[in-house]
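Colleague: Here it is, the structure in full.
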Amino acid sequence: MRALTISAHGGLERLEVRSDLPIPELCAPTDVRVRIQDAALNHLDLFVVDGLPGVTITPPWIMGGDGAGIVDAVGSDVRDVAVGDRVMINPGISDRTCEYCLAGEQSLCVRYKLLGEHLPGTIAEYVVVPAANLRTIPAGIPWDAAAAFSLATLTAWRMVVTRAAVREGETVLIWGIGGGVAVAVLQIAKMQGARVWVTSGSDAKLERARALGADETFNHNRQDVAREVRARTGKRGADVVIDNVGQATWAQSLLALGKRGRLVTCGATTGPIVETDLRRMFWNQWTLMGSTMGNDREYDAVVAAFRAGKLLPPLDSVYDLDDSVAAFQRLASGEQFGKIVVRVGREK
Ligand SMILES: [Zn+2]
């Protein structure tokens, strides 16, 4: 089969489309093989090319976490999906036996794995995943939207709804609008009735964000974001800050955070080590939270919204598998707004 692979870590020149890979076999009676139609990229994929501490790849390693396609084969214990079903994939694979899984918190699994990072990825003609990671999608929803949906929307849902528990009328500040998670946070926070303020270094991205419902926008290259937030909230600050940028924005995030504020992070693209003044943390009674991916209940919630035509991810661009290295170049450029899709198959 054909797939986008790497055989060593390094720059994007390591990416290679191969056509000589074996079609993967089912390993467990609960496994399902999916014939991928579209796959989609996440920032994580760049870290995989680069190499992540403690993660070892077996060459040729198949890239990609997000995907959607048609069920091609099912194990003997699979009940919820059948050959021919249209499905999308939750890229977070849990063992379903540890104490966190048994408590319904699959993204805390002690053996949690992600497609494309710890397991063969989705930018391939076929992928094998547990049936529990699949949800059927109605005919009529385009493959590209289904492929682009899961990782970013699930991650954003847990951050906004479960962890920060954003309520109607609260002010939510999102750094760096344009990436998949940030855009999904914007959509979900608006759905919760929040006032949503976003930042970007690009006026064009801020324009796109306003079209998606952003109430206030700040160009962080020209504006002092924390000062603007405090000025526009009568010095009170934001109720919730979503910061996936890390080192470059942490200090500003805390300056923008109001009393009883909640800060949620699910990434650190500019660096992982930050400084926090504990006196401001306790005096203002802040909650600083981490979040990653989401549990089955949260996946069901976002899939229900998706089936109802809500939270459809804005798409930046679509590339054929043969041009998928260009898709990664687009991702690395940081110029995208919304999801980058790789077209793998054609529905027959
Ligand atoms: Zn587990």
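Colleague: Only residues in the stretch 104-115 that are under 16 Å from ASP66 (Cβ atoms) and touching a residue at least 40 places away in the same chain (Cβ under 8 Å) count as the first member; pair them with residues that are more than 8 Å from the ligand (Cβ to nearest atom) and acidic (Asp, Glu), Cβ under 9 angstrom, at least 6 apart or cross-chain, and list the lot.
Modeller: SER107/GLU298; LEU115/ASP66
Colleague: Just name the residue that is surrounded by the fewest Cβ atoms within 10 Å (Cβ to Cβ) out of those in the stretch 116-128 that are away from the ligand (no atom under 16 Å from the Cβ) and part of a strand (DSSP E or B).
Modeller: My answer is VAL128.
Colleague: Something else: Applying the selection to the stretch 72-106, what residues are aliphatic (A, V, I, L, M) and either within 23 Å of the chain's Cα centre (by Cα) or within 16 Å of the ligand (Cβ to nearest atom) (or both)?
Modeller: Matches in the stretch 72-106: VAL87, MET88, ILE89, ILE93, LEU102, ALA103.
Colleague: Might you check whether a residue that is assigned to a loop (DSSP other than H, G, I, E, B), within 16 Å of the ligand (Cβ to nearest atom) and more than 18 Å from the chain's Cα centre (by Cα) occurs anywhere in the stretch 23-36? Steps first, please.
Modeller: Here is the first cut: in the stretch 23-36, the residues assigned to a loop (DSSP other than H, G, I, E, B) are 23-30.
Subsequent filtering for residues that are within 16 Å of the ligand (Cβ to nearest atom) retains 28, 30.
Imposing the further condition that a residue be more than 18 Å from the chain's Cα centre (by Cα) reduces the set to 28, 30.
Within the stretch 23-36, one or more residues are assigned to a loop (DSSP other than H, G, I, E, B), within 16 Å of the ligand (Cβ to nearest atom) and more than 18 Å from the chain's Cα centre (by Cα).
Colleague: Tally up the residues in the stretch 274-304 that are part of a helix (DSSP H, G or I), crowded, with 18+ Cβ neighbours inside 10 Å and out of contact with any Gly (no Cβ under 9 Å at 6 or more places or on another chain), please.
Modeller: 2
Colleague: Within the stretch 156-208, work out how many residues are on the phi < 0 side of the Ramachandran plot, in contact with a His (Cβ under 9 Å, 6 or more places away or on another chain) and either hydrophobic (A, V, I, L, M, F, W, C) or not in a helix (DSSP H, G or I) (or both).
Modeller: Residues meeting the conditions: 6.
Colleague: Within the stretch 129-145, take every residue that is assigned to a strand (DSSP E or B) and buried (at least 16 other Cβ atoms within 10 Å of the Cβ) and give me the one that is nearest to the ligand (Cβ to nearest atom).
Modeller: Of all residues in the stretch 129-145, those assigned to a strand (DSSP E or B) come to 129-130, 134-136.
So of that shortlist, the ones also buried (at least 16 other Cβ atoms within 10 Å of the Cβ) come out as 129-130, 134-135.
On the way: VAL129: 16, PRO130: 12, LEU134: 18, ARG135: 20 Å.
Selected residue: PRO130.
Colleague: A follow-up question, please. Out of the residues in the stretch 209-234 that are assigned to a loop (DSSP other than H, G, I, E, B) and in contact with a Gly (Cβ under 9 Å, 6 or more places away or on another chain), state the one that is farthest from MET159 (Cα to Cα).
Modeller: The qualifying residue farthest from MET159 (Cα to Cα) is ARG222.
We did not get these values from a lab; they are worked out from the coordinates using the rules stated. Given the structure is predicted, the values throughout are model-derived calculations rather than measurements. Neighbour counts are summed over all protein chains in view; Cβ atoms, including those assigned to glycine, are modelled from backbone coordinates with ideal geometry.
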